[in-house]
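A short write-up of the structure that comes next.
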Amino acid sequence: MNESGVEVLMDQETIARRVESGSAPEWVVDHFESFTDGLLGERNGSPFPCYFGVESVEKGQPLYTCVSSMTDNEALFSLGETLLEYIDVYENHSEQASLVTFFRPPERALSEAEYHDALWHVLQVLHAHDPEPWPADIPTEPDSEYWEFCFGGEPMFPTCRAPFYDTYKSRYCPIGLEITFQPRALFDGITADTEAGQRAREIIQARLEDYDGVCPHADLGDWGVEGDREWPQYMLTAEESQSPDTCPMNVSRQHPKGSVVIGD
């Protein structure tokens, strides 16, 4: 895997080596240290809520990429290429090989609303330039319990950490936007319709309450469960007036997606 460290796919050993040697950009160092400290540390005497994520980082299982901009189309096209590479290799890399994506922090502090805009811009650009058609068994309408973001033919769950979370510290990243892409296949055997999945949810929600010091967010739910929606879970709302009321993403089954317009 390329050693340049930005806009390439890296395993945990590679990014850790670059951070420790001082060869990684300062913002990459800050992101990686914030991520590992967050998942491997404690808050309010409680470990990070998602014990699957904790175990994955402890074992060095995630893959990583660093993106030089949240808005520059060239950087986002490169992210798409890295995401395709990840989709090709993650199953052979490890059982819990999510893709942790660090974005270069903006030059000024952004509001919560601007971070929501940034997330959906990233996902819209990825979709607009996806070389694979939207999966036939996934609805294009986000207001469905079976909708989820897809790329490269792979349904996946992208979750974010960002600087605006004062209360939900499990979603807090002081550096900038961070997206962890988790293919649906990583959840096999632990979905809401399984005993293991129900038990995992109980444990994670109990740890969430201890870690954050508040009740779990009302938008947290499960894919495929009536009444639950996945898109609001990607970047949980901190202040209701700052978040979108409906999913901002425009999904098309047309392929290639020439009619899906994106901004600069």
* Asked: Looking at THR65, THR140, which is the one that is over 22 Å from PHE35 (Cα atoms) and among the hydroxyl-bearing types (Ser, Thr, Tyr)?
  -> THR140
* **Long-range neighbours under 7 Å by Cβ, at least six apart or interchain, first residue under 21 Å from GLU13 (Cα atoms) within region 41-61, second among the small types (Gly, Ala, Ser)** => SER56/SER98; GLN61/SER94; GLN61/ALA97
* Just checking, which of GLY53, GLY60, GLY5 is modelled with pLDDT under 95, out of contact with any Phe, Trp or Tyr (no Cβ under 8 Å at 6 or more places or on another chain) and on the phi > 0 side of the Ramachandran plot? -> GLY5
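So which residues in region 197-220 are among the aliphatic types (A, V, I, L, M) and modelled with pLDDT under 75, if there are any at all?
From region 197-220, those among the aliphatic types (A, V, I, L, M) are 200, 203-204, 206, 208, 214, 218, 220; that's our starting set.
Residues satisfying the conditions are ALA200, ILE203, ALA218.
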* **Residue within region 135-145 that is modelled with pLDDT of 95 or more and outside any loop (DSSP other than H, G, I, E, B) present** => no
* With (1) assigned to a loop (DSSP other than H, G, I, E, B); (2) out of contact with any helix residue (DSSP H, G or I) (no Cβ under 6 Å at 6 or more places or on another chain) as the list, and HIS31 as the residue in question, which single condition is left unmet? -> (1)
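If I go through region 3-34 residue by residue, how many of them are among the charged types (D, E, K, R) and surrounded by 18 or more Cβ atoms within 10 Å (Cβ to Cβ)? Quick ask: steps written out before the conclusion?
Pass one, region 3-34, residues among the charged types (D, E, K, R): 3, 7, 11, 13, 17-18, 20, 26, 30, 33.
Now narrow it down to the ones that are surrounded by 18 or more Cβ atoms within 10 Å (Cβ to Cβ): 7, 11, 18, 30.
Final tally of qualifying residues: 4.
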* **All positions within region 204-244 that are in contact with a Gly (Cβ under 9 Å, 6 or more places away or on another chain) and of a type in the set (Asp, Glu)** => ASP210, ASP222, ASP228, GLU230
* Under 6 Å by Cβ, and 6 or more places apart or on different chains, what pairs join a residue from region 123-139 that is touching a residue at least 60 places away in the same chain (Cβ under 8 Å) and surrounded by fewer than 20 Cβ atoms within 10 Å (Cβ to Cβ) with one that is part of a helix (DSSP H, G or I) and not hydrophobic (A, V, I, L, M, F, W, C)? -> HIS129/GLY80
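Does ALA238 meet the test of being modelled with pLDDT of 75 or more and over 20 Å from ASP137 (Cβ atoms)?
Details: modelled with pLDDT of 75 or more: yes; over 20 Å from ASP137 (Cβ atoms): yes.
Yes; evaluated as a whole, the condition is true for this residue.
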* Structure fact -> Checked PRO256, PRO174 against criteria (modelled with pLDDT under 95 and out of contact with any strand residue (DSSP E or B) (no Cβ under 8 Å at 6 or more places or on another chain)); the one match is PRO256
* **Contacts under 9 angstrom Cβ, first residue in region 141-152 being over 17 Å from PHE181 (Cβ atoms), partner outside any loop (DSSP other than H, G, I, E, B), 6 or more apart** => PRO142/TRP231; ASP143/TRP231
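Of everything in region 98-120, what is in a helix (DSSP H, G or I) and of a type outside the set (Gly, Ala, Ser)? Give them in sequence order. Reasoning before the result, please.
Quick first cut of region 98-120, residues in a helix (DSSP H, G or I) only: 112-120.
Listed by number, the residues that qualify are GLU112, GLU114, TYR115, HIS116, ASP117, LEU119, TRP120.
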* Asked: Any idea how many residues of region 62-84 are in a loop (DSSP other than H, G, I, E, B) and either crowded, with 19+ Cβ neighbours inside 10 Å or touching a helix residue (DSSP H, G or I) at 6+ places or on another chain (Cβ under 6 Å) (or both)?
  -> 4
* To do: Would you mention how many residues in region 94-114 are surrounded by fewer than 19 Cβ atoms within 10 Å (Cβ to Cβ) and farther than 21 Å from GLU239 by Cβ?
  => 4
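The values are calculated or read from the model by the stated rules, or taken from the named source; none is laboratory data. Not measured: the values here are computed from a predicted model. Ideal geometry is used to build each Cβ from the backbone, glycine not excepted, and the neighbour counts take in all protein chains shown.
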